[in-house]
1. Determine the relative contact order of the chain: mean sequence separation of Cα pairs under 8 Å and six or more apart, normalised by residue count, in whole percent.
2. Output the pairs from Lys213/Lys287; Lys47/Lys152; Lys47/Lys257; Lys47/Lys213 with a Cα-Cα distance over 26 Å in this structure; if there are none, say none.
3. Running Debye on region 272-333 with equal point scatterers at the Cα sites and no solvent, what base-10 log of I(q)/I(0) appears at q = 0.20 Å⁻¹?
4. Could you grab the relative contact order for region 70-207? Cα pairs under 8 Å, six or more apart, rounded to a whole percent.
5. Beyond 31 Å between alpha-carbons counts as too far, so tell me which of Lys24/Lys329; Lys329/Lys403; Lys208/Lys286; Lys24/Lys403 fall in that bin.
6. Counting just the Cα atoms, what span does region 197-287 cover along each of its three principal axes? Round to the nearest Å and put the largest first.
7. Which trypsin sites (Lys or Arg not before Pro) in region 16-91 sit in a loop by DSSP (not H, G, I, E or B) and have at most 15 other Cβ atoms within 10 Å of their own Cβ?
8. Please list 135-142, 245-252 highest first by mean number of surrounding beta-carbon atoms within 10 Å per residue.
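Only the coordinates and a few stated rules stand behind these numbers; no lab work does. The structure presented is a predicted model; accordingly, all values stated were derived computationally and were not measured. Every residue, glycine among them, receives a Cβ derived from its backbone with ideal geometry; neighbour counts consider all protein chains shown.
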Amino acid sequence: MPTAYLAEGIPFAMVIWVAGTLFKDLGHADGDITVALASIGLAWSLKPFWAAFLDMFRTKRFFVLTMELAMAVLLGLVALALPLPNYFQAIIAILWVLAFASATQDICVDGIYITSLDEEKQAAWIGVQGMAWNVGRIFATAGVVWVAGTLKESNYTPKAAWGVAIGLSAATMAALALYHWVMLPPGSKTSTAETTDEVVETFVDTVKDFFSKEKIWGMLAFVFLFRSAEGLLLVEAPLFLQAPLADGGLGMTLVQKGVIDGTISTAASIVGGLLGGVFVSRHGLKKSLFFLALCLNVPNLCYVYLSWAVTPDAPLSMTTIGMLVTIEKFGYSFGFVGNMLYMMQQISPGRYHMTHYAFCTALMNLVLIPTQMASGPLADWMGYRAYFIFVIVATIPSLVAAKLAPFPRRPDATHELAGDDAPAPPPGAGPPKTAKPDP
């Protein structure tokens with residue numbers, strides 16, 4: 001199980017974060033980077049539309065192995081495309097294919113987890129599951145970036161350094177595929193549908209049932225608005241860390257960025273998520289939700305300070321940058337627990353609990369795409385100082401959504417009968433695994 005979720009985390013991080021670091025290092029503008037990479041995130045939001053069909057052909061293990069080998073090849077092609085004159089367009093095209101392969105792998109790994117382990121073992125391993133996914137993120141955002149930075153400092157050309165580093169990720173995915181070929185169980189079917197018509201009919205029924213839930217539009221408004229500012233930071237904030245001092249950025253090297261943004265901040269995210277779960281389990285989701293929204297959004301002020309404190313003649317110390325980036329990541333993960341638990345406890349319960357949770361996570365990620373795409377052009381136009389103040393203004397809808405979020409009573413879900421005093425899952429536990437842990 002840990003290696004399966006490690007294999008989930010690596011390609012997601014390579015597409016969403018490492019590719020941005022690569023393009024920024026090679027001199028591309030923030031606007032070009034965020035528009036291209038944010039659009040690729042659509043692949044993970046569309047998973048529910050083909051997930052059911054995977055149950056009709058071969059085993060889940062077959063698709064996991066096939067996708068992992070395909071991603072190893074695709075990452076190798078990214079490395080080989082770097083010397084091309086039109087490498088940017090070529091790599092973006094490859095990343096689109098890689099994203100759909102990664103999404104398909106996610107569906108089938110989650111399916112193996114659900115169908116191969118009983119409920120007791122699912123609960124016992126859920127914390128390790130999220131931890132393993134984040135190790136994949138650390139491997140990509142810290143390990144791969146650190147290798148590229150170290151090779152550059154050893155007089156490799158930037159493209160050669162990145163080619164070797166990305167080749168390392170390709171070799172790692174190939175090794176994981178070979179290991180899973182020996183160790184991974186096949187997983188059992190989760191759908192009784194045998195024909196395409198039956199799959200479509202079941203899917204339509206799940207959609208109808210989803211939108212017939214009490215106060216569904218108010219609950220979906222919460223899902224759409226709670227992360228209103230996050231999309232503006234998700235891709236752009238790491239680019240700001242890397243941007244030259246002359247452009248208003250922090251001027252971090254690849255090695256420094258790998259350590260601070262890849263390792264330290266990810267570790268802070270893990271701790272923040274665990275402590276957020278403890279907090280909600282003690283106070284109940286309804287009573288905690290607005291406080292969680294504050295924790296999610298207020299630390300964005302760290303980037304306001306960083307952008308105004310740095311000048312071309314006075315770079316900030318790595319201690320200052322590391323401390324403030326860590327605070328922001330910790331607060332984000334602490335507050336983000338509220339979003340996941342709200343979808344799990346308020347929206348998804350019912351006849352299609354796991355499917356409806358997949359709908360929620362797909363919609364949640366879908367709404368980030370426009371803000372991620374807009375973040376780079378806005379930062380290029382406004383400058384980093386004004387841009388991060390704009391991000392703070394964009395947190396207001398999130399706070400309003402948390403304050404007004406509906407908590408309908410659900411007789412089919414005993415853990416939320418009281419609405420405000422319902423306990424959350426134990427620390428480290430998470431929602432039913434129909435989608436990978438959110439980054």
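1. Working: 701 pairs, mean separation 115.1, N = 439.
Relative contact order for the chain comes out at 26 percent.
2. Working: Lys213/Lys287 22 Å; Lys47/Lys152 38 Å; Lys47/Lys257 31 Å; Lys47/Lys213 22 Å.
Going by Cα-Cα distance, Lys47/Lys152; Lys47/Lys257 fall outside the 26 Å limit.
3. Log-scaled intensity ratios, in q order: -0.76.
4. On the way: 82 pairs, mean separation 51.9, N = 138.
Once divided by the residue count of region 70-207, the mean separation gives 38 percent.
5. Over 31 Å apart, Cα to Cα: Lys24/Lys403.
6. For region 197-287, the Cα spread along each principal axis is 55, 39, 24 Å.
7. Details: sites: Lys24, Arg58, Lys60, Arg61; in loops: Arg58.
Answer in residue order: Arg58.
8. On the way: 135-142: 23.8, 245-252: 18.4.
So the order, starting with the most tightly packed, is 135-142, 245-252.
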